[in-house]
């Protein structure tokens, strides 16, 4: 059901009075909430709900401020109208919805285009009134619900509802591993947004890492795009920095060996049989492999590139935008070259693969830890963190198995953020 974009319908039917006013608060409804929404075609629709001011103020800080007496005009006006209605009907519960005070809302937040906004609003208001909704909505609906809840400062109510109904656990149970692995970028982003907004750490861990490794960050979004295309609280920048730092680290390995074999320092270590010919052979084969793998490009610098070529997809400055795991696997395919049968241990493979394995293991822990992010995002973030000047293979290492995951995160961050890597 993850591919369905239509908002979920509530489990219980919500009746509407004549005039199209849906009865959310049956016994104590004392206010009509009118919500205006423009769809993708810019057609404006108006949806009305009979609700309880007590429930709204208890679950939404936005409504608590809006309806507070004396703070805004709406609050004082509602109190005055209630006093008048009590004289006429003795009870607000007996008052026809058409005569109740009205509050009009226009902005719902950056939700996606849906066929009808009414089911989504119904679900949201039912949650604020402690009533049940559909047990397991599609992830797209849940993401829209979280966006609306954030807009009205009512995320805590939705979090409690989702946990009580075990919604996220049910969604995971319905998603087979093969389906999860093939989720589109939009589906991954929706799950990450839900994980962040509803404090579901497993989804934050898994899907932030997927955005980083798949290359699904750093793209421009439009203002009318749903919020998951422009993740809030600088998450997009955080993911971009983590990916860029990983790519820089991978490139530093390649740069290290190119520098070693092109230097005057002899790399061949066979005593009397060591030879510059072996180093030259290894250097040539290494360059040829990198060129075939697409991780290295040779260019002329005598004339240079024309200015217009800077925007070309072939621009050497363009960063790798593919899957980082595939890139690492590609580098591990380098053969064990040898100039002759006596130089069986001079090749680059035995030196390079352990470094690639180290990066691969560290990449597994380069996503955003949901628990740490919720507890102290500033301490866990890579953005704004002090970059170490240098990381050394001998001495610094990378703590990937320590008992305290906070220290593991810090070690991985220092490894990838270090301005210089010493692989010798």
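Read-outs: derived from the displayed coordinates by stated rules, not from any lab. Since the model is a prediction, treat every value here as computed from it, not as a measurement. Note that each Cβ is placed from the backbone with ideal geometry, even for glycine, and that neighbours are counted across all protein chains shown.
Bridge orientation summary for the range 16-169: considering DSSP beta bridges with both residues in this region, about 60 percent are antiparallel. In angstrom, the C-alpha Rg and Dmax of the range 16-169 are 15.6, 50. Compute the angle between helix 118-128 and the longest alpha-carbon principal axis of the chain, please, reported from 0 to 90 degrees and rounded to the nearest 10. Computed tilt is about 80 degrees.
Each peptide in 160-170, 389-399, 293-303 was scored by the mean count of other Cβ atoms within 10 Å over its residues; highest first, the order is 160-170, 389-399, 293-303.
Relative to the globular-protein estimate of 2.2 N^0.38 Å, the Cα radius of gyration of the chain stands at 1.34. From helices alone, the chain scores -14500 deg cm²/dmol at 222 nm; the rule is -39500 (n - 2.57) for each run of n ≥ 4 DSSP H residues, then divide by the residue total.
Report the Cα centroid-to-centroid distance between the range 44-119 and the range 207-260 in angstrom, as an integer. Between the Cα centres of the range 44-119 and the range 207-260 lies a distance of 43 Å.
Beta bridges from DSSP with both residues in the chain: antiparallel share about 50 percent, rounded to the nearest 5. Sorting 185, 106 by the number of Cβ atoms found within 10 Å of their own Cβ, with the fewest placed first, yields 106, 185.
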